[in-house]
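This report concerns only the one structure given below.
Every number here is computed from the coordinates shown, using simple stated rules; none is lab data. Not measured: the values here are computed from a predicted model. Backbone-built Cβ (ideal geometry, glycine too); neighbour counts: all protein chains shown.
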2 protein chains.
Amino acid sequence: MPKYYFEDFSVDWTAEYGPRRVTREEIIGFAAQYDPQPMHLDEEAARHTMLGGLAASGWHTCCIMMRIIADNLLLDAASMGAPGIDEVKWLRPLRPGDSLTVRGSVTNARASQSRPDRGFVTFFWEVFNARGERIMTLTCPQMLLRRDADLPASRAPA
Amino acid sequence: MPKYYFEDFSVDWTAEYGPRRVTREEIIGFAAQYDPQPMHLDEEAARHTMLGGLAASGWHTCCIMMRIIADNLLLDAASMGAPGIDEVKWLRPLRPGDSLTVRGSVTNARASQSRPDRGFVTFFWEVFNARGERIMTLTCPQMLLRRDADLPASRAPA
């Protein structure tokens, strides 16, 4: 049974997760599979780009953040998924050996008008490196069941 | 030397890339690493979620799209990276065995006011499955060098 439902998130909710260290091998491995641009793959090539050295793909930062949020929150929540992402900002490079911390807050929470079993929560996620510099922000709406919802019926395909 | 520069993208630009088949093993492998929610990991568990069966993490769809765009466009472009993503919409599940096609268009292109060597292009990306159903859209600003820019100097760290 989930621990967290729609009712557990309001605009005064905050959380902090991590740290999670990111290795050079992970950065290169992800890039080789999903974003094989030189600045994410090779130190020497990266030096000549505007990143000034090897740095993770912005998508990799998103995926690591997703894993941190899944482990710490979503796997224990009555989540019904997310319709998308409102905005991602890549502010600074993620370097090999950096340790990431994720801070979450809620910018909006509202019950669904049409479906009384659920609500929508807009999370604002901030990702920091070990020096406390903010390297990414992300705004993401999330659909969650209400605590009193009839779980089996409401989880049927929409 | 890059093939594509800022000048090559205007609001009449379009492109179509793919198809690229996505296997069940890929979907589960990505989920195990980055988004271990039951609907992305296990067919039986997924049946009881609102996705009604195993489907890829939305982040996985983003990453596959990124790879398709890198292979077909960005690795040949004078790209200076992206400051973020404006909006992602996950419209339909990506199922095991689906083949993805990516369609790109340009919604805005403008030269930088402060830096004459570069410009900003806003791409609108649409991802379709094999039945032609749109499963994801993504709006992404991209920074590109102008063709007449002095490459080595302008690629120095900003």
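To keep it simple, each residue is scored yes or no on (1) more than 19 Å from the chain's Cα centre (by Cα); (2) in a strand (DSSP E or B); (3) closer than 24 Å to residue B:70 by Cβ; (4) among the β-branched types (Val, Ile, Thr).
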position	(1), (2), (3), (4)
A:7	yes, no, no, no
A:10	no, no, no, no
A:17	no, yes, no, no
A:25	yes, no, yes, no
A:40	yes, no, yes, no
A:64	no, no, yes, yes
A:70	no, no, no, no
A:89	no, yes, yes, no
Failed criterion for residue B:42 (all others in (1) surrounded by fewer than 18 Cβ atoms within 10 Å (Cβ to Cβ); (2) touching a His at 6+ places or on another chain (Cβ under 9 Å) hold): (2)
Selection count where residues are facing chain A (nearest Cβ under 7 Å), surrounded by fewer than 21 Cβ atoms within 10 Å (Cβ to Cβ) and either touching a strand residue (DSSP E or B) at 6+ places or on another chain (Cβ under 7 Å) or over 15 Å from residue B:125 (Cβ atoms) (or both), scope segment B:50-74: 2
